Amino acid sequence: GSEAKVDVDKLSAETSATPTDPVEGEAEEEEAETEEPDPERLNEDAPPFPERGSSGEQELSDAQLDKQGKLKQAAAEALEDADLEKALEKYTEAIKIGNASAMMYSKRAEILLKLKKPCACIADCDAALEINPDSGKAYRMRGKANRKLGRWEEAHRDLAESQRIDFDDDTAEMQKFVDDKWKKIAERRNRQRIKQEKDDRKRKEEEVKRKREEAQRAYEEAQKAPAFSSSGGGFPGSFPSSFPGSFPGGFPGMPGGMPGGMPGGFDPSMLSGLMKDPELMKAFSDPKMAAAMQDIMQNPGNVSKYQNDPDVMNLMNKVMDSFAGMAGEESPPDSGYGGSGNAPKPEEDPDLDYEPPPFPREEGDVEEID
């Protein structure tokens, strides 16, 4: 009974589990793997490395050439006796005389690698390749040194170049070993690159989605903003091009052109009626309110700047209500000051691939009223 229940629960959990992405699964598996031990791996050796000869070609005397030849011969004999330290010493003396060839540096590099000094070996190979960029032996020795250091990419590149220049049967086996190592590394890097691109794409998609939702939310909140007036309309008429006189506090005359058009039979005395309202007179004497009114009269679209300023919006509502009352008619609908009419359009983003709901017509359009 209890054992059967455990097996059923385990089976259910296994079948309901979300399948693992093959790329992600392999990447996690590789991270958990430890590198296989390499018995031929060498530690990096630190400078100073054996001295180089003077740079540039120079003419050696017959005595110098004879001495250099004897030193190279002594180095070769030391190698035959397996005396690596003596061979290194003799090659160094020969190189210091001057006019060292790429082959001399390559042979000293070979000795250094046998002495388990791979970094010094690489330095001599670099010197050889500066003299002769097509030195197959220099590439071969540097490739072997990089293999000993576990630098598989560099080893792969150097050994391939050495075999291209001067194929060597004894190097073929090491090249195959290095190529297999490098192939695994290249495949792993490729999987990691694919995973990284997938993660980057997913993050970008999430960011685009977030921006789209924020833009839509901002648009919807703007649509719900309080209407400019209870009737949702605009000014019932146009202000004349200049008020007689000016508002208290230095408020200048307001320009005309407000949407909606002045109704027939409009009595200019209605304007003076506004000036008799003590609340309006007090509001117009405030420099802040006067400046806001001036800004809105010059460009009705600027009312959107004051949507979150209750003082300005209350003043505008009172002015419109006063006009509506004195004109004896309701403001035309959708004249440009309704709450939804002034909703700001969501900020455009090149990454957002959507169209928001249609906005009201542009500022200045006048609706025809029968």
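The values are calculated or read from the model by the stated rules, or taken from the named source; none is laboratory data. All values reported here derive from a predicted model rather than from experimental measurement. Note that we place each Cβ from the backbone using ideal geometry, even for glycine, and neighbour counts take in every protein chain shown. Only protein heavy atoms, including side chains, enter the accessible area calculation; ligands, DNA and RNA are left aside. Shrake-Rupley method; radii C 1.70, N 1.55, O 1.52, S 1.80 Å.
Set side by side, the residues Glu154, Glu205 differ, and just one is acidic (Asp, Glu), touching a helix residue (DSSP H, G or I) at 6+ places or on another chain (Cβ under 6 Å) and either surrounded by 12 or more Cβ atoms within 10 Å (Cβ to Cβ) or assigned to a helix (DSSP H, G or I) (or both), which is Glu154.
The residues of segment 77-125 that are of a type in the set (Asp, Glu) and in contact with a Leu (Cβ under 6 Å, 6 or more places away or on another chain) amount to a single one, Glu93.
Kindly establish whether Phe239 is of a type in the set (Phe, Trp, Tyr), at pLDDT below 50 and buried (at least 17 other Cβ atoms within 10 Å of the Cβ). In short, yes. With respect to the stated conditions, Arg140 is assigned to a helix (DSSP H, G or I) and within 23 Å of Asp38 (Cβ to Cβ).
Of the residues making up segment 99-138, those that are more than 24 Å from Ala82 (Cα to Cα) and touching an Asp or Glu at 6+ places or on another chain (Cβ under 7 Å) number 2. Across segment 62-99, the number of residues qualifying as outside any helix (DSSP H, G or I) and open to solvent by 20 Å² or more (accessible area, probe 1.4 Å) comes to 4.
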